[in-house]
Amino acid sequence: MPVTQHVHIVGAGWSGLSAALYASQAGFQVTLHEASAQAGGRARGLNLAPSSPSLDNGQHILIGAYTATLALMRLVIPDADALLLRTPLDLRLPNGQGFQMRTASPSVGLLLGVFQAQGWRWRDKLALLTAALRWQIQGFTCADHWSVQDLCDHHALSHTVMAQLIEPLCLSALNTPVDSASAAVFLRVLKDAFTSGHGGCDLLIPRVNLSELWVNACLEHLQIKQCQLAFKHRVNNQDIAQWLHTPNTHVVLACPAWQAAALTQDFNPAWAQQTQQLQHQGIATVYLQCHDAHFKGLDRPMMALAYSAQQPAQFVFDHGQTTNQAGLLAAVVSACQRDTEQLTHLVMAQLQQQLGLQNLSGVKTLVEKRATFSCTPQLARPPMQIAAKLWACGDYVQGPYPATLEGAVRSGHEVIQTILSDHLIK
């Protein structure tokens, strides 16, 4: 009879939960450790007072090309798709200018969206379509050392196209400014979105908070599979050393990069140093309540905003259309470097000016200063294997994706597949 393998997973964010689910499916004994009292990591609902609005610790969206994330959601929630508002990609500003997909077919939608984009000159449209054709011919690849800005300069894309399409896409996908974001990774995201078939570019906006969307159902599924859940348990180096000396036991670090670096100094100092050197970008979500008597909601569930240093939000979400919380708005500031009080004031003024709103009040402003790694050209991301029987998973580990939910979920799946393959070979 084969010996049961035991996997200790440290961290119950989306990568750790993904790893736990796939490990339990593979027949492993699983223990999931989480230092806090709540699972979900950077993508979870907040435990607020019963009378408070239902908020997340950051506004997240998915796209139709997130096949691994959607498959994992459907694994534990049969009607998972009903919890997501699916809408074609729409990056139009409040004045109607900008890009909008006109159909769920990526190639046709791109063509029609570019031709019908308001406020773009014909030469802007032609340059973008020519660039898109070249990207497709070249397999969505480019020079490794190029930034997204270099890529767009190479194709002579206009300031308007950059401001109303490329920059919002880059910030939402890579959370890194265009002048320092990896063009190779950016093109990989575009490839999956525009070549994954019908609906690959669709926006999928949660109708419930992120814990209700997947995290809670995932935990219930793990309990059914008799996985051990150890919350409020901060793992240390001694714990890891003890587990590694136990036969038929693996350890997967699914915690943030800086925590993984601290935990691995004794096991692989080079890996720890490489991980510690990763630079990070912040993301802020500013929740505001609109009290204007005439306000019946935004024109669409998510709206792009014109942004600058003094108007920092790139997107605003209308929770009245998604989570049925009338008047609740969530403004997102990617690559954020501001403090909470100043940010709230600036975003409130921005929405008042661009959306014509008057009576706004602050609900909560959340600033995650190390939300994602800086996805720069030729970035050397740490490998999945740290040492014998010691592994890492997370959106920062080597892989084709930037710091997204899809990258986290794929990493969790990949690490269990690798452990399983290694075990079967032995």
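The values are calculated or read from the model by the stated rules, or taken from the named source; none is laboratory data. What you see is a predicted model, and the numbers here were worked out from it, not measured in a lab. When we count neighbours, we look across all protein chains shown, and the Cβ atoms used for this are built from the backbone with ideal geometry, even at glycine. Please note that ligands, DNA and RNA were not included when accessible areas were found on the heavy atoms of the full protein model with its side chains. Shrake-Rupley method; radii C 1.70, N 1.55, O 1.52, S 1.80 Å.
General remarks:
- Filtering the range 5-19 to residues that are assigned to a loop (DSSP other than H, G, I, E, B), in contact with a His (Cβ under 7 Å, 6 or more places away or on another chain) and at pLDDT 95 or above leaves nothing.
- Single residue of 354, 321, 337 found to be of a type in the set (S, T, N, Q) and within 21 Å of the chain's Cα centre (by Cα): 337
- Qualifying residue in the range 29-41 (condition: β-branched (Val, Ile, Thr) and open to solvent by less than 30 Å² (accessible area, probe 1.4 Å)): yes
- Checking residue 256 against (1) touching a residue at least 24 places away in the same chain (Cβ under 8 Å); (2) touching a helix residue (DSSP H, G or I) at 6+ places or on another chain (Cβ under 6 Å), the condition it does not meet: (2)
- In the range 91-159, counting only helices (runs of 4 or more DSSP H) that sit wholly within it, the ones holding 3 or more residues that are modelled with pLDDT of 95 or more and either out of contact with any Lys or Arg (no Cβ under 7 Å at 6 or more places or on another chain) or under 19 Å from residue 192 (Cα atoms) (or both) span 122-137, 148-154.
- One residue stands out in the range 175-188 among those that are open to solvent by 20 Å² or more (accessible area, probe 1.4 Å) and part of a helix (DSSP H, G or I): the one that is nearest to residue 144 (Cα to Cα), namely 184.
- Which numbered condition residue 276 misses (of (1) of a type in the set (S, T, N, Q); (2) touching a residue at least 60 places away in the same chain (Cβ under 8 Å); (3) in contact with a Phe, Trp or Tyr (Cβ under 9 Å, 6 or more places away or on another chain)): (2)
- Residues that are open to solvent by 30 Å² or more (accessible area, probe 1.4 Å), closer than 17 Å to residue 360 by Cα and of a type in the set (Phe, Trp, Tyr) within the range 278-323 comprise just one, 295.
- Condition check for residue 402: closer than 17 Å to residue 255 by Cα, buried (at least 20 other Cβ atoms within 10 Å of the Cβ) and either touching a residue at least 24 places away in the same chain (Cβ under 8 Å) or hydrophobic (A, V, I, L, M, F, W, C) (or both): yes
- Per this entry, residue 81 is not counted among residues that are among the acidic types (Asp, Glu), within 30 Å of residue 281 (Cα to Cα) and either exposed (fewer than 13 other Cβ atoms within 10 Å of the Cβ) or touching a residue at least 40 places away in the same chain (Cβ under 8 Å) (or both).
- Residue tally, condition open to solvent by 30 Å² or more (accessible area, probe 1.4 Å) and over 20 Å from residue 167 (Cα atoms), over the range 345-364: 13
- Selection status of residue 76, touching a helix residue (DSSP H, G or I) at 6+ places or on another chain (Cβ under 9 Å) and closer than 17 Å to residue 391 by Cα: no
- Any hit, the range 144-161, residues being open to solvent by 40 Å² or more (accessible area, probe 1.4 Å) and either within 24 Å of residue 405 (Cβ to Cβ) or of a type in the set (Phe, Trp, Tyr) (or both): yes
- Qualifying residue in the range 172-179 (condition: β-branched (Val, Ile, Thr), out of contact with any Phe, Trp or Tyr (no Cβ under 8 Å at 6 or more places or on another chain) and modelled with pLDDT of 95 or more): yes
- Segments classed as helices (runs of 4 or more DSSP H), wholly inside the range 223-288, with at least 3 members that are over 24 Å from residue 403 (Cβ atoms): 237-244
- Residue that is nearest to the chain's Cα centre (by Cα) [pool: residues in the range 162-174 that are open to solvent by 20 Å² or more (accessible area, probe 1.4 Å) and closer than 18 Å to residue 401 by Cα]: 172
- Boolean, residue 330 is over 21 Å from residue 178 (Cβ atoms) and either open to solvent by 60 Å² or more (accessible area, probe 1.4 Å) or assigned to a loop (DSSP other than H, G, I, E, B) (or both): no
- Per-region count, the range 253-282, residues in contact with a Cys (Cβ under 6 Å, 6 or more places away or on another chain) and within 30 Å of residue 23 (Cβ to Cβ): 1
- In this structure, residue 390 does satisfy being of a type in the set (A, V, I, L, M, F, W, C) and touching a Phe, Trp or Tyr at 6+ places or on another chain (Cβ under 9 Å).
- Residue 22 falls short of the stated requirement of being among the aromatic types (Phe, Trp, Tyr), under 21 Å from residue 404 (Cβ atoms) and under 18 Å from the mean Cα position of the chain (by Cα).
- Yes/no for residue 275 being farther than 30 Å from residue 362 by Cβ and of a type in the set (Ser, Thr, Tyr): yes
- Taking first residues from the range 372-396 that are at negative phi and partners that are modelled with pLDDT under 95 and part of a strand (DSSP E or B), no Cβ contact under 8 Å between residues at least 6 apart in sequence or on separate chains turns up.
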